[in-house]
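Below is one structure, written out as structure tokens, with a few remarks after it.
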Amino acid sequence: MKESFPNQPNIPPLYGHKITVLSIDGGGIRGIIPATILSFLESKLQELDGEEARIADYFDVIAGTSTGSLVTAMLAAPGHNGRPLVVAKDIIPFYLKFSPVIFPQCIGQFSSIITKLKVLLGPKYDGKNLRKVTRDTLGGLRLHETITNVVIPTFDIKKLQPIVFSSYEAVNDSSKDALLSDICIGSSSAPTYLPAHYFETKDSKSNVKEFNLIDGAIAANNPTSVAVRLLMSESLKAKVDYLPSNTVDYGRFLVISLGTGTSKKEMKYNAKMASKWGVLDWLYTHGGSPLIDMFTQASVEMVDYHMLILFNSLHCEHNYLRIQDDMLTGDSSSADIATKENLENLVRIGERLLQKPVSRMNLDTGILNPIENEGTNEEALIRFAKLLSEERRLRKQTYSQHSLDSKK
């Protein structure tokens, strides 16, 4: 029997066995890679529960940074019928259509010189098209309106501190209930690539609160641990029995963390090279920005490192699925080379990643190693789809029984 999906809030973890988290890294146009994974996952959920099934129906929280914030918003924002704004399979066409608009390519004999001069004098792109595309897509929707909880890290350059926008806070604090479009633009404003984003909100007493935001990757390019911690915090605030009172039972967490790929295997930099760099070299050399590459990658891998140790130590590593490709080379490792050829290649990389074995980071080398007897990423996602479907059915059944009992 296929599930029905009425326009109502998702049933909380209190009525089930698992606490479900989906996390999407930042990475510019490389967001195509997790978009490919999400399309496959949603298709498997639809096979189990019917064509109306959507990613947002199955996760207690969806977290996204930078390009991942836009994917998160599209998955969780309501459309005109109250159901998710975008079907997962339509995210890839979105990237193919709008990436060249957001990141127009400089072509010609002197394109390389022009690009370097632009980066020295200001952002590589003026951000006008990012703002237009994001506002056109998300309209006037605000954070509190999402179908499931979302978490989007940003960084306030005026306050020099991370600002994490979450559905949890938006419900109780109108100053945090910003337009989804403003939040996503802010979280995507990568230094040297796009200009910082300013906007204002008002609290319940009409006091103005200002935000001066740049890329959420500064704070958490892999937002998995932010999402997990917020879920724990909210359960404690609400005094809801998501978790045992005295211990954190990570065995109840079901986490899918999606990377946007890295060129680690290419090893672009080394100490001998870096020892001779000045400020400009750290900001722009070898066709990219070493400084940005390093702090975003450090953020990604520290989170994965933490989550692996945590889940392994509690012998529930099968509840944590990290899908990442560390073998990107050339244009495919770029965040903004939005040529037709490169974008289509990223789609193929995502499709091939589904066929690769489940891998986990070697804590000594940092390299991803295949795990024996765990199959491919595709097979792991099929297993997770079944668990997610079972969890949703259990919650629906328990909630219905609880409602009946309370009426007696």
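Projecting the Cα positions of VAL86, GLY251, THR262 onto the charge dipole of the chain (unit charges on Cβ atoms of Lys, Arg, Asp and Glu, taken about the Cα centre) puts VAL86 furthest along the positive direction.
Ordering 329-341, 146-158 by mean Cβ neighbour count within 10 Å, with the highest value first, yields 146-158, 329-341.
The HIS402 and MET302 beta-carbon pair, evaluated with R₀ = 30 Å, returns a calculated FRET efficiency of approximately 0.15. Please check: in the Gaussian network model of the chain (C-alpha springs, under 10 Å), which one of SER289, SER167, SER189 has the largest mean-square fluctuation. Highest fluctuation among the options: SER289. Residues considered: GLN324, GLN161, GLN297. Largest GNM mean-square fluctuation over the chain, using C-alpha springs under 10 Å, is found at GLN161. Relative to the Cα centre, the charge distribution of the range 32-112, modelled as +1 at Lys and Arg Cβ and -1 at Asp and Glu Cβ, gives a dipole magnitude of about 360 debye. Figure legend: label point modelled 7 angstrom from the Cα of GLU372 along Cα→Cβ; residues of the range 298-321 with amide N under 18 Å from it are 317-318. Summarising the amide proton neighbourhood of LYS124: residues at separation of 5 or more, or on other chains, whose placed amide H is nearer than 5 Å comprise TYR193, LEU194. Helix 340-355 and the longest principal axis of the Cα set of the chain meet at an angle near 40°. Each other residue within a Cβ distance under 13 Å of SER23 adds +1 if Lys or Arg and -1 if Asp or Glu, for a net charge of -1. Dipole magnitude for the chain: computed about the Cα centre from +1 point charges on Lys and Arg Cβ and -1 point charges on Asp and Glu Cβ, it is near 580 debye. When the Gaussian network model of the chain links Cα atoms closer than 10 Å, the mean-square fluctuations of PRO34, PRO370, PRO162 top out at PRO370. Expressed as a whole percent, the accessible surface of the chain that belongs to carbon and sulfur atoms is 55, based on a 1.4 Å probe. Placing a label point 7 Å from the Cα of LYS205 along the Cα-to-Cβ direction, the residues of the range 169-195 whose backbone N falls under 16 Å from that point are 173-176.
A simple spin-label model places pseudo-atoms 7 Å from Cα toward Cβ; at LEU387 and ALA274 they are separated by 3.5 nm. Ordering LEU404, VAL358, LEU388 by Cα displacement along the dipole of the range 318-408 toward the positive end leaves LEU404 in first place; charges were set at the Cβ atoms of Lys, Arg (+1) and Asp, Glu (-1). By the helix-only formula, in which each DSSP H run with n ≥ 4 contributes -39500 (n - 2.57) and the sum is divided by residues, the chain has a 222 nm mean residue ellipticity of -13500 deg cm²/dmol.
The values are calculated or read from the model by the stated rules, or taken from the named source; none is laboratory data. Only a predicted model underlies this, so the values are computations on that prediction, with no experimental measurement involved. Please note: Cβ atoms are built from the backbone with ideal geometry, for glycine as well, and neighbour counts cover all protein chains shown. Ligands, DNA and RNA are stripped out before the accessible areas are found, and what is left, the full protein with its side chains, is counted by its heavy atoms. Shrake-Rupley method; radii C 1.70, N 1.55, O 1.52, S 1.80 Å.
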